[in-house]
Amino acid sequence: MQIKRRPIAQQGFTLIELMVVMVILGILATMIVPRIMDRPEEARRTKTAIDIQALEQALKLYKLDNGKYPSTEQGLQALVEPPSVGKLAKKWRKGGYLDKGRVPKDPWDNDFVYISPGLHSDFDLMSYGADGEPGGEGNDADINNWELE
């Protein structure tokens, strides 16, 4: 049995076929890439909201043990080591109130801002967003615990 082969001139793709494929890939890229490019910043903002909620829970546990929230002066560091300034915590939990033994930073590598007593509730907890400055819009907008659901 003999296998039939195509003549060399008929093997491969034509230039037109390659151009059609390139145009289709270009159209797909222009539609998909802008949607994907916005996702990293959206993910950072979502992670910040989750971190704020986790810090809120740790602060509530601290209050359950000690009868009050850490002061602004003591800050969030009171969740990982016993406060050494202000009114000391009498029943501080050995090992602290955060799993990793350190206060997390926001996704932009800035410290969370903690104020106690807060202007909006018992304490205010916030991230200043991508720019690290109060206020701002879009990716630079602040993320505040009193505005989270």
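Just subtract the alpha-carbon distance of Ile27 and Lys68 from 0.36 nm times their residue separation and send over the number in nm, one decimal. Show your work: numbers first, answer last.
Numbers: separation 41, 0.36 × 41 = 14.76 nm, distance 5.85 nm.
Roughly 8.9 nm would be gained on extension.
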Shape category assigned to segment 57-127 from the gyration tensor of Cα positions, a/c cut at 1.5: oblate
The extension gain from His120 to Thr14, computed as 0.36 nm times the residue separation minus the Cα-Cα distance, is 31.4 nm
Can you compute the charge dipole magnitude of the chain about its Cα centre, using +1 on each Lys and Arg Cβ and -1 on each Asp and Glu Cβ, nothing else charged? Give it in debye, rounded to the nearest 20. 1080
Compute the distribution of all C-alpha to C-alpha distances in the chain, in bins of 5 Å from 0, and list the percent of pairs in each, rounded to whole numbers. 2, 8, 14, 15, 12, 9, 6, 5, 4, 4, 4, 4, 3, 4, 3, 2, 2, 1, 0, 0
From the cross-link list Lys68/Lys94; Lys47/Lys94; Lys68/Lys105; Lys68/Lys100; Lys68/Lys91, which pairs have alpha carbons spaced over 20 Å apart? Lys47/Lys94; Lys68/Lys105; Lys68/Lys100
May I ask you to compute the full-extension gain from Glu41 to Lys94, defined as 0.36 nm times their residue separation minus their alpha-carbon distance, rounded to one decimal in nm? 15.5 nm
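Within the chain, what whole-number % of the accessible surface is contributed by carbon and sulfur, with the 1.4 Å probe and all protein chains included in the calculation?
Details: 6270 of 10890 Å².
It is 58 percent, rounded to a whole number.
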Order by protection proxy (mean Cβ within 10 Å, highest first), peptides 95-103, 138-146: 138-146, 95-103
Averaged per residue, what accessible area in Å² does the chain show with a 1.4 Å probe, protein chains only? 73
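The values are calculated or read from the model by the stated rules, or taken from the named source; none is laboratory data. Treat the numbers as computed from the prediction; the structure is a model and nothing was measured. In this analysis, Cβ positions are derived from the backbone assuming ideal geometry, glycine residues included, and neighbour counts consider all displayed protein chains. The area values use the complete protein model at the heavy-atom level, side chains included, leaving out ligands, DNA and RNA. Shrake-Rupley method; radii C 1.70, N 1.55, O 1.52, S 1.80 Å.
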